[in-house]
Structure formats: C-alpha cells, structure tokens
Amino acid sequence: FDGVFPQSAQNLYQRFIAEYTFQALQKEVNYPAIDSTLWLDLSGYVSAPSISPNGQHLAVVEKTRNDDETNVTLQVYKPEENTEAKKEYDEEVAELLKDDPKDIAAKAPKVFKRKQAYSLSQTNHRDINDPRWLDDDHIIYRSMSLSSANEFHQDLFMWQLSNNTVTQLSNEHNLRRFDIADNGKTIYAERNRYGKSQLVQLSLNTNKQLSIESELTPASLEHVYDFPRISPDQKQLAYLVSTLNKKWALKIKDITTGKEETVPAPENYQFLSFPEWAKDGKSIFFVAGLDKQTKLYQYNFTDNSLVSLTSGEQPVTWPVVMNENELLHLAINNNGPDIYQLPVNKAKKTAITNPTTSATVTRNLASSHQLAKADIATNSALGEQSSYGIGPQQGTVTLGGNFYSASSSMLELGYKSGDVLGRFD
C-alpha cells in the first residue's frame, strides 16, 4: 500500500474522514431545522418498529454485539413517557444540590427511555425479523427453521406476550416480509424459493398453521418483490417490485379486481423502500433516496400529490404510523438508529412537481455511477515468443562420509544442477 500511494493507509483514511466531515458540516448549515424529535434513544442496530392495534405498545428488533456474538432481541415498549425515570432523576439532582449547593447537576437526557413491557430473545441464533402485530397480545415474526434434511428455511413464528410462548406457524415456506389481514386469518407475504420471488396469500387455520391459499404473482427470477402492506380497508395491497436492471417501484394492487397502479416517486430517485399506509388509507408513506440523501415522502391518492416530509439531513428509514397526525421513524446518527417522532400535520412539506412512475435507470443517472474507461497500454514486446535456452543454472554440492571401525569407510561427493523449468535437473 505504501509503495502504491507513498503514504500509509492509516494516514490516508484519517484524511478521508476529515474531508468527508468537512463536506458534511458545510452541507449541514444549509438544512432547515429538523421537524422530528427524539422519541426513543437506543443503542446498537435497530429495525422494524411496529405499533400494536390499540396503540399501547411498540415492538422493535434490537441487535447488540458482545464478545464477537450478536444478540437479537424483540423488545416491546410502552409509548407513554417514563414519568418514574424522570421523577427518580429529579430526586437525584435535588439530593446532589442539597449536599453541595454549588455543585453542577448533569443535564437531563432529551428523552427518558420508555418502559420495557416485554422481551423475547432469539433461540439458537435463528434471528428475529420484521415483527407484525396479529392482535394486542400476539406478534408474528420471521425466523429460521431447521428441516429434517438439516436445511434452513425462513418461516413465520407467533409470540404470545401474556404467557411468553412461541408457536411455529409455517414449515419450510421460505417466507420473508409479510403483512396481516382479516384479523389474522390472512397473511400476504413475499416467498423466495429456488431463487424465485413471488407474492402469496396464506390462511391461518384454527390450529395455528399457515397454508398457501393463492399465488398473487408467478414465481420469477426476473422480478423481486418486497414489503407487502395491506391498506386499512384491506382492499388494496401495496408492495415493492424490482425488475432486472431497473430500480424499485411501489405498486398498489386492488385485491378484488387485480388492477395495479404505480405510486409516483421523485424524478431520478435511486432508492425506494419502507412503504406504510396512513390510518385513513388515503395516502401512503415511503422512503426514497435522491441526490445522496434519503427523505420521507407522502403520496396522497385524493389529489395525486407527492410531498417530502423531511429535509434529508437525517438518513430516514422504517416509518410507522401512530395516529392520524403522528408518525414514528428511524433516523441514523453516529451512534446508530434511534426512533424519532414526526407530527405530519406540522411538518414542512415540500411539493414534488416532477414525479415519475418509471423505474428505468436513465442514462444521466447511470452515467454518474459508471467508471471511466480503462486506459490500455500496448507494447510490441508483449506476447513475443523467444527461445528459453538453458537459462540460469542453480547448483548444489553435497559432501558426506561414513566410517566403520570394523573394515570399511565411504566418502560421497554429490552435485545437483537445476533450471527454472526443471529440464536439466
């Protein structure tokens, strides 16, 4: 590395950090004030927040790494403020200042960590992914199952909070992300088998076992599906689809008629994911990447308008609707993702005047990610054949002797000569 770049990797990486930080700080001053406020301060990797139907619990997957081992936990928090933690903090500060009035108390945290109601840890390192609430007492999530042939499959499991029991709902179905309808009787999921992706509809019987009821799309190698999300009236299914050499597109499918439409996205967008229906079903939220930043967008079906709800300063993921006017989302900072709260009715909305329904990678967008053509250096000596000849010789001399007191002695002198190809050994 030093020979190629005349500097050490450590020095150059430190310079990269300084230059990138300088660019980020220059851009930061131009952003407006962030409308979202910190709602839950977490540590480690966080994903897939989900609100219970009654709004009294929030489930979220947390991953922490200790001693080269990743611990995965499905945590369930109470959404109300932790008044007990605040009271305890105020009492500690009062006692501190009572002992020494000139002492300086630490500032209170921006938000006190909310109470944890339930917790489920992974078993046998099978992981926990994408929890969705079946009802106020049951959560369905995706994990790995081991078949009789010692093969791992992605299946759905159900956790009952009140008695802390886990039930496996499917066997070797290879299901990934999913959503729940008909009070748990129907599940829409993306299935991936033999490398082929498709959307399927499953039914949950009284014995808590899932079976495939219908295939909404044919299994395909050319299309990849993700994030099926059923509308509040359970008449429309939103999902993502990506085709070979095309970007992700957000589709809306009428369950009854099968009619589809594409949700408009910002022109020249690069990334699109995390769809979430509004409570009234009249709009849908999603995250899209544009110009090296990700923003939260809202598309309104009533007037066909598309607006951005965030400035792009924070990388935003996983929006989840709390009520008609409150939205939670993950925002990534230098300590990892935290959960933020965004008042939708008060957010600074920016209208997108040139949306697109095309997922084609345009020439302008693709050219910015293409490498420059490589320089080709030619030399007349390249490929020229020449006689090998004898080549350089490497010789080895050995001298050995043996003496026997009875009657004989022996002296050995050896020489070995060899070339690179071993022709004259």
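Between the Cα long axis of helix 83-99 and the first principal axis of the chain there is an angle of about 80°, rounded to the nearest 10. What is the sum of charges, Lys and Arg at +1 and Asp and Glu at -1, for the other residues whose Cβ falls under 13 Å from the Cβ of T362? Net local charge, T362 excluded: +2. Positive end of the charge dipole of the chain (Lys, Arg +1 and Asp, Glu -1 on Cβ, about the Cα centre): tell me which of T123, S311, T64 has its Cα farthest that way. Result: S311, furthest along the dipole toward the positive end. Sequentially through region 148-161, phi angles give Karplus couplings (6.51, -1.76, 1.60; θ = phi - 60°) of 5, 8, 6, 10, 8, 10, 8, 10, 9, 10, 10, 10, 8, 5 Hz, Gly and Pro residues having no value and appearing as x. Annotation: amide H of A117 within the under-5 Å range of V76, Y77, K78, sequence separation 5 or more or interchain, hydrogens built in the peptide plane. If the cut-off is 20 Å between C-alpha atoms, which lysines fall inside it for K373, apart from same-chain ones fewer than 8 positions away? The reachable lysines, counting only those whose Cα sits under 20 Å from K373, number zero. Rounded, prolate or oblate, given the Cα gyration tensor of region 14-125, with a/c below 1.5 counting as rounded? The shape class here is oblate.
Working out 0.36 nm times the residue gap between S203 and N71, then minus their Cα-Cα distance, what length gain in nm do you get to one decimal?
44.3 nm
Which aspartates and glutamates does K253 reach when only Cα atoms under 12 Å apart count, and residues fewer than 8 places away in its own chain are ignored? Once the sequence-local aspartates and glutamates are set aside, what remains near K253 is E261.
Using a Gaussian network model of the chain in which every pair of alpha carbons under 10 angstrom is joined by a spring, one finds that among D254, D136, D100 the greatest mean-square fluctuation is at D100.
Each residue of region 42-58 was assigned a 3J(HN,Hα) from its phi angle through the Karplus expression (A = 6.51, B = -1.76, C = 1.60, θ = phi - 60°), giving 10, 10, x, 8, 10, 7, 6, x, 8, 8, 5, x, 7, x, 9, 9, 10 Hz with x at Gly and Pro. Which residue, A331, A24, A278, has the most motion in a Gaussian network model of the chain that connects Cα atoms within less than 10 Å? Highest fluctuation among the options: A24.
Of the beta bridges in region 111-243, as assigned by DSSP with both residues counted there, near 100 percent are antiparallel. When only alpha carbons are used to place a centre, region 310-327 and region 22-62 end up 8 Å from one another. Taking the C-alpha atoms only, the angle from helix 9-28 to the longest principal axis of the chain is near 20 degrees. Annotation: peptides 147-153, 165-171, ranked by per-residue average of other Cβ atoms within 10 Å with the highest first, follow the order 165-171, 147-153. A protection proxy built from the mean count of other Cβ atoms within 10 Å ranks the segments 285-297, 112-124, 8-20, most packed first, as 285-297, 112-124, 8-20. Note on the chain: with charges restricted to the Cβ of Lys and Arg (+1) and Asp and Glu (-1), its dipole about the Cα centre is near 980 debye.
Shape call for region 283-338 from the C-alpha gyration tensor, a ≥ b ≥ c root eigenvalues: rounded (a/c under 1.5), prolate (a/b greater than b/c) or oblate? It comes out oblate by the Cα gyration axes. For S305, the residues 5 or more places off, or on other chains, whose built amide H falls under 5 Å of its own are N300. Heavy-atom surface analysis with a 1.4 Å probe gives the chain a carbon and sulfur content of 49 percent of its accessible area. Note that the chain presents 61 Å² accessible area per residue, ligands and nucleic acids not counted, probe 1.4 Å. Could you tell me which of rounded, prolate or oblate describes region 325-403, using a ≥ b ≥ c as the square roots of the eigenvalues of the alpha-carbon gyration tensor, with rounded for a/c under 1.5 and, failing that, prolate when a/b is larger than b/c and oblate otherwise? In terms of gyration-tensor shape, oblate.
Just reorder M158, M144 by solvent-accessible area, largest first, 1.4 Å probe, all chains present.
Ranked list, largest accessible area first: M144, M158.
Ordering of 263-271, 314-322, 63-71, 302-310 by packing is 314-322, 263-271, 302-310, 63-71, highest average first (other Cβ atoms within 10 Å, averaged per residue). Amide H contacts of S283: A278, F301, each under 5 Å away and 5 or more positions distant or on a separate chain (H built 1.01 Å from N in the peptide plane; Pro and chain starts excluded).
The values are calculated or read from the model by the stated rules, or taken from the named source; none is laboratory data. Small disclaimer: the values here were computed from a predicted structure and weren't measured. Virtual Cβ from ideal backbone geometry, glycine too; neighbours counted across all protein chains shown. Ligands, DNA and RNA are excluded from the accessible area calculation, which covers all protein heavy atoms including side chains. Shrake-Rupley method; radii C 1.70, N 1.55, O 1.52, S 1.80 Å.
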